[in-house]
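Asker: First the structure, then my questions, so here it is.
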Amino acid sequence: MKILAIESSCDETAVAIVEDGTKMHSNIIATQIAEHRLYGGVVPEIASRRHCENIVGVTDEALRAAKMTLDDIDAIAVTYAPGLIGALLVGVNFAKGLSLSTGKPLIPVHHIRSHIAANYLEYKELKPPFLCLVVSGGHTHIIEVKSHTEFKVIGRTRDDAAGEAFDKAARAMGYPYPGGIEIDKAAVLGNPLAYKLPRPRVEGSEYDMSFSGLKTAVLNLLHNSEQKGIEVNKVDLSASFQLAVCDILSDKLMLAAKNFGYTNIVVAGGVCANSGIRKRLSDECAKRGYKLYLPPLKYCGDNAAMVGSQAYFEYLSGNIASLDLNAISTLPIG
Ligand code: KG4
Ligand code: ZN
């Protein structure tokens, strides 16, 4: 079954064609990062406008790259939640138009489910159940993936997502948006023990996390140093910050794996492009004999191939939308 999938939840306009959940025929992304960088973050109005301008061309390009026409496609899939509402609406309405005009079924896809599904494109043998850490710009969750369409969140951030903390700390250090990758590049060269940063404790759940205290500690350190005229070594601070994030994510994920008895561990979301996180989780899983699945870098950030993958499993479970499908800005994964 060949699915044309559309993703427009944030600042990438993306269209892909994926067969049977695992075979990617094309995966086209028009990124808006350069424009949002001028403002230090995503400007929702600009994102919606650029999606409108790009979506037809990106769809044409995805069909061309796959050497297909709409006649070859069996269904249309679209990210409908969660994300920026104006951005989601562009993809949802375009998908509805394609579904109406071609008579092909419309499959609604949850953005976080699709980040997890990115792994099925790379690891054809991977099947639930497994334990998954989702780390993106808007979400940080530890999830039991019970089947392709059944999820139980067992831990989550109580405040900022990991990616948000990366981006806010980076911005305070003067790096351009999106700062996660800038911290990653700097951290490779820095001393991770140079600055003492907190690993906040969260009351009430063993698996919940908190990143806002860590981000605030970086802001305070920069602020206090500036007032005292002390120069901050940004490279060392980046390395120290990244180590703190790695400690928090790895400790919680390994604890959950042990207590829930999972040996297959999957990671998903834009932040799992981080080289420090990839290395740390690889080491921790190797020590315990766990099998770790990390998506290749091209499937970590937002893309439509992952949407096309998850859509196949949604279709098999009977999840087909009617033409009154709406975009939803906040929606739990379950
Ligand atoms: O999954 P994603 O593309 O979009 C959302 O669904 O949010 O994740 C974007 C996030 C941003 O916060 C970005 O800074 C972060 O992923 N990111 C990274 C790296 N590459 C992207 N964070 C740390 N290290 C990286 N190498
Ligand atoms: Zn995402």
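Asker: Relative to the longest principal Cα axis of the chain, at what angle does helix 162-172 sit, 0 to 90 degrees, rounded to 10?
Answerer: Tilt of helix 162-172: around 60 degrees.
Asker: Could I ask something else about it? Tell me the trypsin sites (Lys or Arg not before Pro) within segment 151-230 that lie in a loop according to DSSP and have at most 13 other beta-carbon atoms within 10 Å.
Answerer: K196, R201
Asker: Mind checking the angle between helix 44-65 and the chain's longest principal axis? C-alpha axes, 0 to 90 degrees, to the nearest 10.
Answerer: Rounded to the nearest ten degrees, it is 50.
Asker: Can you tell me which of H25, H115, H51 moves the most in a GNM of the chain? Springs connect C-alpha atoms under 10 Å apart.
Answerer: Sorting by GNM fluctuation, first place goes to H25.
Asker: Would you calculate a helix-derived [θ] at 222 nm for the chain, using -39,500 (n - 2.57) for each DSSP H run of n ≥ 4 and dividing by the full residue count, to the nearest 500? Numbers along the way, then the final one.
Answerer: On the way: 10 runs with 147 residues, N = 334.
Rounded to the nearest 500, the figure is -14500 deg cm²/dmol.
Asker: A further question follows. Pop a pseudo-label 7 angstrom from the Cα along the beta-carbon direction at both D247 and I320 and give the gap in nm to one decimal.
Answerer: Going by the 7 Å Cα→Cβ label model, 5.3 nm.
Asker: With θ set to phi - 60°, apply the Karplus curve 6.51 cos²θ - 1.76 cosθ + 1.60 along segment 13-19 and write out the HN-Hα couplings as whole Hz, x wherever there is a Gly or Pro.
Answerer: Couplings: 9, 9, 9, 9, 10, 10, 10 Hz.
Asker: Ok, one more. Could you check which residue among A172, A187, A34 shows the biggest mean-square fluctuation in a GNM of the chain with a 10 Å Cα cutoff?
Answerer: Fluctuation is largest for A34.
Asker: In degrees from 0 to 90, rounded to the nearest 10, what is the angle of the helix 234-260 Cα long axis to the longest principal axis of the chain?
Answerer: Computed tilt is about 70 degrees.
Asker: Would any residue of segment 60-77 have its amide N under 16 Å from a label point 7 Å out along Cα→Cβ of K124? List them or say none.
Answerer: none
Asker: Within a Cβ distance under 12 Å of V266, other residues only, what is the Lys/Arg minus Asp/Glu net charge?
Answerer: Within the 12 Å Cβ shell, the charges total 0.
Asker: Could you let me know the centre-to-centre spacing of segment 121-182 and segment 1-57, using Cα atoms, in angstrom?
Answerer: 19
Asker: Same structure again: Out of residues 5 or more away from V78 or on other chains, whose amide H comes under 5 Å of its own, with H placed 1.01 Å from N in the peptide plane?
Answerer: I6, I107, V109
Asker: Could you pull out the pairs from K2/K168; K152/K287; K2/K252; K185/K258; K196/K291 whose alpha carbons sit more than 29 Å apart here?
Answerer: Check vs 29 Å cut-off fails for K2/K168; K2/K252; K185/K258; K196/K291.
Every number here is computed from the coordinates shown, using simple stated rules; none is lab data. Just so you know, these numbers come straight off a predicted model, no measurement behind them. Every residue, glycine as well, gets a Cβ built from its backbone with ideal geometry; the counts of neighbours run over all protein chains shown.
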